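Colleague: Below is the structure I would like to discuss, written out as structure tokens.
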Amino acid sequence: MNTPQAARAAWWLRAILVIVGATLLCATVPVFFPVAWMQALHEWLGLGVMPTDPVVIYLARSTSLLYAMHGMIVLVTAIKFRELQCLVPWIIALHAALGLALIIVDWTAGMPTYWTLGEGPGILAGAVLCLALWRASRS
């Protein structure tokens, strides 16, 4: 970072990574939801009646744990930015791939429109923004 603009871009990139990491860490909470709460939330989101087969409960809880684990990696990368900045391009690339994949997954799974338009495109847009900030921070 040789310029004030590069320093500002790095600051914003770190801020976004902190927000993303902290938000993903919130996925820890639903791991401990009773099944009845998961069912109620499922219906409230307009997803219909949630099956309670063991594999469904397992997938719901383990997915939340994976999101939280990823959140911790992103958050630590932001906090230890100087030491771990080599991870940032990887995180950006993985988020871009995840965003694209979720657009396809959500669409083919028949998720509601609000979900399909919010999840994948939002993650992809965040990756594009972070890529722009990453490039600006390197100038």
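The values are calculated or read from the model by the stated rules, or taken from the named source; none is laboratory data. It should be emphasised that the depicted structure is a prediction, and the values quoted were computed from it without experimental measurement. Note that we place each Cβ from the backbone using ideal geometry, even for glycine, and neighbour counts take in every protein chain shown.
Colleague: Give the residues of region 1-34 that are exposed (fewer than 14 other Cβ atoms within 10 Å of the Cβ) and closer than 30 Å to Met111 by Cβ, sorted by residue number.
Modeller: Residues satisfying the conditions are Ala15, Thr23, Cys26, Val29, Phe32, Pro34.
Colleague: Which ones in region 40-57 are of a type in the set (Val, Ile, Thr) and within 25 Å of Tyr114 (Cβ to Cβ)?
Modeller: Taking region 40-57 first, the residues of a type in the set (Val, Ile, Thr) are 49, 52, 55-57.
Scanning region 40-57 gives Val49, Thr52, Val56, Ile57.
Colleague: Is there a residue in region 8-16 that is part of a helix (DSSP H, G or I), touching a helix residue (DSSP H, G or I) at 6+ places or on another chain (Cβ under 8 Å), of a type in the set (D, E, K, R) and over 19 Å from Trp134 (Cβ atoms)?
Modeller: Looking for residues that are part of a helix (DSSP H, G or I), touching a helix residue (DSSP H, G or I) at 6+ places or on another chain (Cβ under 8 Å), of a type in the set (D, E, K, R) and over 19 Å from Trp134 (Cβ atoms), one finds none in region 8-16, hence no.
Colleague: In addition: Kindly indicate whether Ala9 is farther than 24 Å from Leu102 by Cβ and modelled with pLDDT of 95 or more. I'd like the intermediate steps shown before the answer.
Modeller: Values: farther than 24 Å from Leu102 by Cβ: yes; modelled with pLDDT of 95 or more: yes.
Here the answer is yes, as Ala9 does meet what is asked.
Colleague: Can you tell me which residue among Ala101, Ala96 is of a type in the set (A, V, I, L, M, F, W, C) and out of contact with any helix residue (DSSP H, G or I) (no Cβ under 7 Å at 6 or more places or on another chain)? Before you say what the answer is, go through the steps one by one.
Modeller: Numbers: Ala96 fails: out of contact with any helix residue (DSSP H, G or I) (no Cβ under 7 Å at 6 or more places or on another chain).
Among Ala101, Ala96, only Ala101 is of a type in the set (A, V, I, L, M, F, W, C) and out of contact with any helix residue (DSSP H, G or I) (no Cβ under 7 Å at 6 or more places or on another chain).
Colleague: A further question follows. Looking at region 104-119 only, could you name the residues that are among the hydroxyl-bearing types (Ser, Thr, Tyr) and in contact with a helix residue (DSSP H, G or I) (Cβ under 9 Å, 6 or more places away or on another chain)?
Modeller: Step one: list which residues in region 104-119 are among the hydroxyl-bearing types (Ser, Thr, Tyr), which gives 108, 113-114, 116.
Across region 104-119, the qualifying residue is only Thr116.
Colleague: Could you please give the count of residues in region 79-119 that are more than 15 Å from the chain's Cα centre (by Cα), within 24 Å of Leu13 (Cβ to Cβ) and free of Cβ contacts under 8 Å to residues at least 12 places away in the same chain?
Modeller: Looking only at that region, the number is 6.
Colleague: Give the number of residues within region 63-86 that are surrounded by fewer than 15 Cβ atoms within 10 Å (Cβ to Cβ) and either of a type in the set (Ser, Thr, Tyr) or touching a strand residue (DSSP E or B) at 6+ places or on another chain (Cβ under 8 Å) (or both).
Modeller: 1
Colleague: Also: Being surrounded by 14 or more Cβ atoms within 10 Å (Cβ to Cβ), modelled with pLDDT of 95 or more and part of a loop (DSSP other than H, G, I, E, B) is the requirement here; does Met50 meet it? Even if it seems obvious, please write down each step before you answer.
Modeller: Numbers: surrounded by 14 or more Cβ atoms within 10 Å (Cβ to Cβ): yes; modelled with pLDDT of 95 or more: yes; part of a loop (DSSP other than H, G, I, E, B): yes.
Yes, satisfied.
Colleague: What residue, of Leu98, Leu129, is within 17 Å of Leu17 (Cα to Cα) and surrounded by 17 or more Cβ atoms within 10 Å (Cβ to Cβ)?
Modeller: Numbers: Leu129 fails: surrounded by 17 or more Cβ atoms within 10 Å (Cβ to Cβ).
Answer to the selection: Leu98.
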